[in-house]
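A short worksheet on the structure shown next.
The values are calculated or read from the model by the stated rules, or taken from the named source; none is laboratory data. This structure is a prediction, so every number in the text was calculated from the model and none was measured. So basically every Cβ, Gly included, is an ideal-geometry build from the backbone, and we count neighbours across all protein chains shown.
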Amino acid sequence: MESAPSPYSGNLDLYLSKGRYQLCSPHAIYSFADKYDNFSDSFARLDLSQVNDVLLLGFGLGSIPYMLEKVFHKSCRYTGVDIDPAVIRLASKYVLPELSSSIQLIEVDAEIFVQIETSRYDLICIDLFIDTAIPSAFLETEFLQHTMSLLQEGGMVMFNHLYLTSADKLQAQHYFESVFSKEVFAPELMELRTNAMLVGYQHPKP
């Protein structure tokens with residue numbers, strides 16, 4: 001349908017497949033509406049009843065608000081953060097007009113955003129890739145600490161990792177054990193088809 005040069009991911013290609021918009025980098029699928037299975041499969045296992053305000057670090061084409069609205073019938077307020085102007089333009093052109101949810105898109109580096117944001121959220125989804133790699137800054141303890149500080153009490157964080165190759169699995173497991181599980185309450189590593197979803201909660205007040 002459309003190709004767009006990205007200053008971060010090379011060329012982005014937008015397709016219409018199975019009646020849904022699919023956004024691809026040279027080696028990865030960034031978004032695929034409710035067919036973005038790593039999040040849709042995870043949401044099906046989780047309790048979303050208390051989720052109203054959602055922060056999306058890495059917005060893509062808005063697969064998460066699409067599936068929560070269209071499949072899980074959730075009416076939420078979304079703040080979407082994406083550093084890539086090409087992604088924001090494509091999402092604004094093709095996907096946002098199909099949704100009735102309240103969505104605010106912000107073009108900024110997620111590492112900076114979590115340091116300056118003051119609002120609190122019930123759910124934070126981290127989906128930060130450049131092609132197939134998570135930039136190293138987002139795997140640092142400090143980034144997760146800043147992110148967790150933006151959760152409401154009892155709020156949930158979900159961090160998407162590749163889990164396809166042996167190297168992917170080792171990286172995800174190492175991060176889960178050395179960083180993630182030390183900063184969240186009730187940590188869980190959900191093994192999905194080609195991804196792992198790391199899930200945890202804000203520590204309850206003593």
Next item on the list: Can you tell me which residue within the range 8-35, out of those that are over 14 Å from the mean Cα position of the chain (by Cα) and polar (S, T, N, Q), is nearest to Pro65 (Cα to Cα)?
Entry: Gln22
Check: So, in the range 12-34, of the ones that are farther than 30 Å from Ser149 by Cα, in contact with a strand residue (DSSP E or B) (Cβ under 6 Å, 6 or more places away or on another chain) and not hydroxyl-bearing (Ser, Thr, Tyr), which residue ends up surrounded by the most Cβ atoms within 10 Å (Cβ to Cβ)?
Finding: Leu23
Item checked: In the range 51-93, the residues that are within 17 Å of Ile130 (Cβ to Cβ), touching a residue at least 40 places away in the same chain (Cβ under 8 Å) and among the β-branched types (Val, Ile, Thr) -> Ile83, Val87
Next item on the list: Quickly run through the range 121-139 and pick out the residues that are modelled with pLDDT of 95 or more, over 21 Å from Phe43 (Cβ atoms) and either surrounded by 14 or more Cβ atoms within 10 Å (Cβ to Cβ) or within 14 Å of the chain's Cα centre (by Cα) (or both).
Entry: Pro135, Phe138, Leu139
Check: Does at least one position in the range 49-61 carry a residue that is of a type in the set (A, V, I, L, M, F, W, C) and surrounded by fewer than 22 Cβ atoms within 10 Å (Cβ to Cβ)?
Finding: yes
